[in-house]
Each structure stands twice: as structure tokens, then as C-alpha cells.
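The values are calculated or read from the model by the stated rules, or taken from the named source; none is laboratory data. Owing to the predicted nature of the structure, the values given are computational and were not obtained by experimental measurement. Glycine also receives a Cβ, built like all others from the backbone with ideal geometry; neighbour counts cover every protein chain displayed. Heavy atoms of the whole protein, side chains included, go into the accessibility calculation; ligands, DNA and RNA do not. Shrake-Rupley method; radii C 1.70, N 1.55, O 1.52, S 1.80 Å.
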Amino acid sequence: MIFEDISEMAGTLPAMGALAGLDLGTKTIGVAVSDSMRQVASPITVIRRQKFTLDAEALLKIATDRGLTGLILGLPRNMDGSEGPRAQSTRAFARNLSRLTDLPIGYWDERLLTVAAERALLEADTSRKRRAEVIDQVAAGYILQGALDRLRYLAQ
């Protein structure tokens, strides 16, 4: 099932269990996962995009191996809040993925998150080559951490 708002998704999640954050790009998918207490997001990998079935297979393998209880996809909105082709592509990916898994899927507004991830990597004095390799998984970490923080706030 797909949820537009993280607060709607919160009611369907078990009290504990790891979540994954996904930063969908045209060439890669950045993946981050949380601990089972949903406190901290950790970037884990980048999946090189091939075709949907292979991408979904790789994601669902991670979900199974890590016992995930839900997926959070970064939704790339324009600065004015409207949605362009990238957001439509993300929504299509979510629809197709929801046909293959019972895991709840939610969206998180990812405006400016890639900029924040890039800035964090620059501050850490990461080389240009290394930044290119890890930027998507770091952005996925920012997406997931934002959602985790919101879920924690909703549980209060």
C-alpha cells in the first residue's frame, strides 16, 4: 500500500522494525536503512539501475535480508511544491513496486536534500570521486532520517 503522507503510514507500521529510505535517480538508487528502534538512518549501498524488475529484485532482497517493515521514497518536488517528470517517475516506481510487496510505501519530500548531502560530504572533505560514489546513499540517509524524526514526533 502507498501512503501520500507519513502520518497515514505511521498507523500501519509495527511498533518496531527497520525501514529503508530510497533516493531514486535515473542511474542509481541510493539505499539507507534504520535500526529496528527507528532512531538512526544509515546509508548502506547504491544500486545501479538496470530495468525495473532487476532494480525491484535488488531492493526486495535488501528488504528480506534486513527484515524491513516499510519503505520511504524520496519524492522530488519542485521548489514551488509542484511535481514534475521526476516525481511522476518516482510515483510510477512506487506503484510498480507495491505490486510486488506487501510492505507499506511512503513518500518524503526531498527538496534540497541532495544539496544538504553534498554539503555534508564537502564538510567531511570527501574527494570529488568519492562524493560521486556515495551521494545517492547519503541522500537516502537524509530522506530516511527526516521520516524517522517525523514518525518519532507523531508517536509522542
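Each of (i) 22, 18, 16; (ii) 23, 18, 13; (iii) 29, 16, 15 is a candidate for semi-axes √(5λ) of the Cα gyration tensor in Å; the one calculated from this structure is (i). Summary value for the chain: 35 percent relative contact order, contacts being C-alpha pairs under 8 angstrom separated by 6+ residues.
Accessible surface of the chain, 1.4 Å probe: 52 percent of it comes from carbon and sulfur atoms. Based on protein heavy atoms only, the chain ends up with 53 Å² per residue of surface accessible to a 1.4 Å probe.
Here is what passes the span test in the chain: the DSSP H helices with alpha carbon length of 24 Å or more along the helix axis and a Kyte-Doolittle mean of -1.0 or above are 128-155. Seen from Lys51, the other residues with C-beta closer than 15 Å to its C-beta sum to a net charge of +1, counting Lys and Arg as +1 and Asp and Glu as -1.
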